[in-house]
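A.B. asks: So that we are looking at the same thing, I have put the structure below in structure tokens.
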């Protein structure tokens, strides 16, 4: 089907499209710059995933990219990036605070992917470098094309990965020796290698095939209880960083409320009748005029 822009989301570096009922596509849209991350991308990613968290129209997001590659990483020619490296005459404490403030905003631009409450399917093709790998590390599910390659190349430009490469990526791979090899050598790793060590769940032959397979999965997940999928994502994120006992306590505390949902009998009746269930949307936190012009945060000023 042909995707249509979603009302209420208007960006310069992202395209937000309706791929199916309750399914959005968030497409990186700087193909002429190989989807490198400049100030606008960081700000718009943060804005979109913050706002979509309370968009009851959306249950699943496909994270894709226009052009020949998914993402070439940090845009080293962007004014903010250059400014971070050129502050030779700035007081040390002030320079450190500028780096911290900017870095925290960049970290938040990917953390919101993880915390938005919607299932996010990362769809990588071509090359993904540095922050591009860190971006999809924050997704729930990762697909890629057969010709895809990945590289955590930050050490090559004199910095360690700090927006997920040393934080999320190791927990996805689970092999400290391999993680350190990839991060310290900055070597490419292929789609098949990434599949073999658990970074990916599926490798598709072409970009078109990947999109179609991701869409089928997205529609399947979007057809399930949004209360249940929100809970599952929340539990999985919490359990990754806490003990089993802590995670069980968290889950039962959450479910003592969420198990009161009408989605449970609706799902049970659908299973018995072999008919698709229809679940109500999650509530919107605040009344929102989705057709109004989006209010952008200003690009990061350094």
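The values are calculated or read from the model by the stated rules, or taken from the named source; none is laboratory data. Owing to the predicted nature of the structure, the values given are computational and were not obtained by experimental measurement. Cβ: placed from backbone, ideal geometry, glycine included. Neighbour counts: every protein chain shown.
A.B. asks: Please go through the range 258-267 and give me each residue that is in contact (Cβ under 8 Å) with a residue 40 or more places away in the chain and either in a loop (DSSP other than H, G, I, E, B) or exposed (fewer than 13 other Cβ atoms within 10 Å of the Cβ) (or both), ordered by number.
C.D. replies: Kept after step one, since they are in contact (Cβ under 8 Å) with a residue 40 or more places away in the chain, are these residues of the range 258-267: 266-267.
Matches in the range 258-267: none.
A.B. asks: Determine, yes or no, whether residue 109 is surrounded by 15 or more Cβ atoms within 10 Å (Cβ to Cβ), part of a helix (DSSP H, G or I) and either free of Cβ contacts under 8 Å to residues at least 60 places away in the same chain or in the same structural domain as residue 50 (by TED's automatic domain parsing) (or both).
C.D. replies: Numbers: surrounded by 15 or more Cβ atoms within 10 Å (Cβ to Cβ): yes; part of a helix (DSSP H, G or I): yes; either free of Cβ contacts under 8 Å to residues at least 60 places away in the same chain or in the same structural domain as residue 50 (by TED's automatic domain parsing) (or both): yes.
In short, yes.
A.B. asks: A follow-up question, please. Looking at the structure I just gave you, is residue 244 modelled with pLDDT of 90 or more and either more than 16 Å from residue 117 (Cα to Cα) or out of contact with any strand residue (DSSP E or B) (no Cβ under 8 Å at 6 or more places or on another chain) (or both)?
C.D. replies: Values: modelled with pLDDT of 90 or more: yes; either more than 16 Å from residue 117 (Cα to Cα) or out of contact with any strand residue (DSSP E or B) (no Cβ under 8 Å at 6 or more places or on another chain) (or both): yes.
So residue 244 fits the description; yes.
A.B. asks: So for the range 138-158 (the condition being in the same structural domain as residue 44 (by TED's automatic domain parsing), without any contact (Cβ under 8 Å) to a residue 24 or more places away in the chain and either in a helix (DSSP H, G or I) or over 21 Å from residue 119 (Cα atoms) (or both)), does at least one residue qualify? Step through it out loud before you land on a result.
C.D. replies: Kept after step one, since they are in the same structural domain as residue 44 (by TED's automatic domain parsing), are these residues of the range 138-158: 138-158.
So of that shortlist, the ones also without any contact (Cβ under 8 Å) to a residue 24 or more places away in the chain come out as 158.
Narrowing further to those that are either in a helix (DSSP H, G or I) or over 21 Å from residue 119 (Cα atoms) (or both): 158.
Yes; the residues of the range 138-158 include at least one that is in the same structural domain as residue 44 (by TED's automatic domain parsing), without any contact (Cβ under 8 Å) to a residue 24 or more places away in the chain and either in a helix (DSSP H, G or I) or over 21 Å from residue 119 (Cα atoms) (or both).
A.B. asks: One residue is enough: does the range 80-91 have a residue meeting the conditions closer than 24 Å to residue 156 by Cα, surrounded by fewer than 22 Cβ atoms within 10 Å (Cβ to Cβ) and modelled with pLDDT of 85 or more?
C.D. replies: The answer is no; no qualifying residue exists.
A.B. asks: Select, from 178, 172, the only residue that is over 20 Å from residue 214 (Cα atoms) and either touching a strand residue (DSSP E or B) at 6+ places or on another chain (Cβ under 8 Å) or not in a loop (DSSP other than H, G, I, E, B) (or both).
C.D. replies: Values: 172 fails: over 20 Å from residue 214 (Cα atoms).
Of the residues listed, the single one that is over 20 Å from residue 214 (Cα atoms) and either touching a strand residue (DSSP E or B) at 6+ places or on another chain (Cβ under 8 Å) or not in a loop (DSSP other than H, G, I, E, B) (or both) is 178.
A.B. asks: Which is outside any helix (DSSP H, G or I) and modelled with pLDDT of 90 or more, of 224, 219, 301? Break it down into steps so the answer makes sense when it comes.
C.D. replies: On the way: 219 fails: outside any helix (DSSP H, G or I); 301 fails: modelled with pLDDT of 90 or more.
The unique qualifying residue is 224.
A.B. asks: Let me ask another. Which one of these does residue 165 not meet: (1) touching a helix residue (DSSP H, G or I) at 6+ places or on another chain (Cβ under 7 Å); (2) in a loop (DSSP other than H, G, I, E, B); (3) surrounded by fewer than 19 Cβ atoms within 10 Å (Cβ to Cβ)?
C.D. replies: In the conditions (1) touching a helix residue (DSSP H, G or I) at 6+ places or on another chain (Cβ under 7 Å); (2) in a loop (DSSP other than H, G, I, E, B); (3) surrounded by fewer than 19 Cβ atoms within 10 Å (Cβ to Cβ), residue 165 misses (3) alone.
A.B. asks: Counting only residues that are assigned to a helix (DSSP H, G or I) and exposed (fewer than 13 other Cβ atoms within 10 Å of the Cβ), how many does the range 230-245 have?
C.D. replies: Just the residues of the range 230-245 that are assigned to a helix (DSSP H, G or I), to begin with: 230-240, 244-245.
From what's left, exposed (fewer than 13 other Cβ atoms within 10 Å of the Cβ): 236, 240, 244-245.
Within the range 230-245, residues that are assigned to a helix (DSSP H, G or I) and exposed (fewer than 13 other Cβ atoms within 10 Å of the Cβ) number 4.
A.B. asks: What single numbered condition from (1) touching a helix residue (DSSP H, G or I) at 6+ places or on another chain (Cβ under 9 Å); (2) within 22 Å of residue 59 (Cα to Cα); (3) modelled with pLDDT under 95; (4) surrounded by fewer than 15 Cβ atoms within 10 Å (Cβ to Cβ) fails to hold for residue 282?
C.D. replies: Result: residue 282 passes all but (4).
A.B. asks: Within the range 40-57, identify whether any single residue is part of a strand (DSSP E or B), modelled with pLDDT of 95 or more and surrounded by 24 or more Cβ atoms within 10 Å (Cβ to Cβ), and answer yes or no. Let's see the steps before the verdict.
C.D. replies: Let us first name the residues in the range 40-57 that are part of a strand (DSSP E or B), namely none.
No, every residue in the range 40-57 fails to be part of a strand (DSSP E or B), modelled with pLDDT of 95 or more and surrounded by 24 or more Cβ atoms within 10 Å (Cβ to Cβ).
A.B. asks: Quick one: count up the residues across the range 214-235 that are farther than 20 Å from residue 123 by Cβ and touching a residue at least 60 places away in the same chain (Cβ under 8 Å).
C.D. replies: Selection size over the range 214-235: 3.
A.B. asks: Show the residue pairs that are 6+ apart or on different chains and have beta-carbon atoms under 6 Å apart, the first residue being within the range 236-257 and in the same structural domain as residue 119 (by TED's automatic domain parsing) and free of Cβ contacts under 8 Å to residues at least 60 places away in the same chain, the second being part of a helix (DSSP H, G or I) and surrounded by 13 or more Cβ atoms within 10 Å (Cβ to Cβ).
C.D. replies: Taking only residues 6 or more apart or on different chains, not a single pair turns up.
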